[in-house]
Amino acid sequence: MTSDLNPNHDDPAEGPRDASFSSGSGAETPNEAGSDAARDTTDKANEMIEQFRDAVEDFAEKAAPAVKEFSAKAAEFVAVAADKAAPMVQRAGEVTADASGKLAEKSRSFAADIREQLGTPGSPASDATDAAKEAAEGNPPL
């Protein structure tokens, strides 16, 4: 007599084993199951990459107007900066021209002082310095 308190341990708790769960001639080997799993994983990865690629392309299409707008604003900023800088650059040019003129005057004065120290008029040194002076003043000797 069998009691319900002592179940037969050969059968699982869910009921007797079915033939479809046993490894018969049509069952996959562990290598085939592994390659199928790898193939499924590769397919899923490729699908995810394709979705990511589509999302990036969509983003690039939507971002293009924003990038163009940003570029236009940057160009406007540069134009405003150039407009504001122009008077300062012009003033710097004027100051440079004034300084250059003053430097030319001082250089001519210095050259004249040196000519006086070199000798008397008519000496070879004096003739050379006179020629240099005339050349510096824009009157080259003929």
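The values are calculated or read from the model by the stated rules, or taken from the named source; none is laboratory data. Quick caveat: nothing in here was measured; it's all calculated off a predicted structure. We work out accessible area using only protein heavy atoms, side chains counted, and drop any ligands, DNA or RNA first. Shrake-Rupley method; radii C 1.70, N 1.55, O 1.52, S 1.80 Å.
In the set Ser22, Ser71, only one residue is at pLDDT 90 or above, open to solvent by less than 100 Å² (accessible area, probe 1.4 Å), of a type in the set (S, T, N, Q) and farther than 30 Å from Ala136 by Cα; that residue is Ser71. For the subset of the range 30-66 comprising residues that are open to solvent by less than 80 Å² (accessible area, probe 1.4 Å) and polar (S, T, N, Q), which member is modelled with the highest pLDDT? This residue is Thr42.
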